[in-house]
1. On the basis of being in the same structural domain as ASP61 (by TED's automatic domain parsing), in contact with a Ser or Thr (Cβ under 7 Å, 6 or more places away or on another chain) and not hydroxyl-bearing (Ser, Thr, Tyr), does ALA139 make the cut?
2. Of all residues in segment 30-80, how many are closer than 21 Å to TYR121 by Cβ, touching a Cys at 6+ places or on another chain (Cβ under 6 Å) and modelled with pLDDT of 90 or more?
3. Among what's in segment 170-190 and is part of a loop (DSSP other than H, G, I, E, B) and either small (Gly, Ala, Ser) or touching a Lys or Arg at 6+ places or on another chain (Cβ under 8 Å) (or both), pick the residue that is farthest from ALA220 (Cα to Cα).
4. What strands (runs of 3 or more DSSP E) completely inside segment 71-141 contain at least 1 residues that are aromatic (Phe, Trp, Tyr) and within 27 Å of VAL42 (Cβ to Cβ)?
5. What is the residue count in segment 140-169 for residues that are out of contact with any His (no Cβ under 6 Å at 6 or more places or on another chain) and buried (at least 21 other Cβ atoms within 10 Å of the Cβ)?
6. Among VAL206, VAL198, which is over 26 Å from THR59 (Cα atoms) and either buried (at least 19 other Cβ atoms within 10 Å of the Cβ) or modelled with pLDDT of 95 or more (or both)?
Amino acid sequence: MKKEVKSKKMKKVICIVALVVTGVAVVFGVKHVLPLPLFNYVYVTDDTDCVIYYPNYKTLDLVYGAQVPQGDDMLYCCAGAFTAECLDTFCHENIRCHHVSEGKLYEGSDEPICSGVFTFYDGRGYFDTVNSGALERAAECNGMGFCQILIIKDKQVVCADSVSRKFRRPYVFRALCEKEGKLCIVESKEKVNFSDFVKILSAQHVTSAIYLDMGAWSHACYRDNFGTVVETNSNPIRFASNWLVFRK
């Protein structure tokens with residue numbers, strides 16, 4: 001009998017705490033409280049100018065080849081590094097810049113505009129500048145990595161004005177980011193100029209952000225909390241060379 005009373009009291013306390021947290025969120029205008037223990041696949045937040053995807057992942061890798069990756073364990077998938085040319089057959093030189101997949105370092109073709117590197121190993125993601133030895137470290141640790149345009153580092157915008165001139169018209173842009181210690185993908189809701197996308201990322205207070213290939217390479221998909229695969233900006237293209245893939 002005493003155990004039942006204690007159990008009821010505990011449940012009451014939990015309910016009160018939950019109500020207090022919800023009340024604080026409402027009072028202070030918090031739009032999204034990220035319920036990490038409550039989602040199994042990808043948590044999606046819908047903001048004014050962007051959509052943010054938080055995969056509940058265990059592994060992250062760069063998958064190369066033209067086919068869109070498959071698998072029941074796949075949580076989120078999109079294009080990563082730039083593709084050099086539209087080729088019918090795959091070669092590592094068709095991925096812009098050096099890259100690491102499944103712990104192996106491969107040579108890619110040059111792309112001067114790529115100013116940053118993202119690597120993932122030992123359960124953690126790292127944003128760095130090129131020529132920092134980041135890819136070599138990722139390979140040594142059996143991780144992954146690729147080069148792209150580094151947009152934000154340590155909460156500071158670092159991309160040059162020349163990057164904005166590369167994109168001559170508005171697109172739906174996408175970036176891999178770190179926000180509040182979590183890796184996430186931020187995607188603009190509408191077609192915007194690149195400079196406006198940078199402002200969107202800054203407004204989200206992301207710690208770091210690196211560009212993910214978009215434009216004609218806009219295909220992405222994620223697994224919602226019902227386990228259903230949802231396509232976003234669906235445009236699978238047979239010339240794609242690499243994919244950023246989160247898996248559970």
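1. Considered against the rule, which asks whether it is in the same structural domain as ASP61 (by TED's automatic domain parsing), in contact with a Ser or Thr (Cβ under 7 Å, 6 or more places away or on another chain) and not hydroxyl-bearing (Ser, Thr, Tyr), ALA139 comes out as no.
2. 2
3. Checked segment 170-190; the qualifying residue farthest from ALA220 (Cα to Cα) is GLY181.
4. Filter on segment 71-141 gives 74-79, 116-121, 124-129.
5. The number of residues fulfilling the criteria is 10.
6. Of VAL206, VAL198, the one residue that is over 26 Å from THR59 (Cα atoms) and either buried (at least 19 other Cβ atoms within 10 Å of the Cβ) or modelled with pLDDT of 95 or more (or both) is VAL198.
The values are calculated or read from the model by the stated rules, or taken from the named source; none is laboratory data. This is a predicted model, so every value here is computed, not measured. Virtual Cβ from ideal backbone geometry, glycine too; neighbours counted across all protein chains shown.
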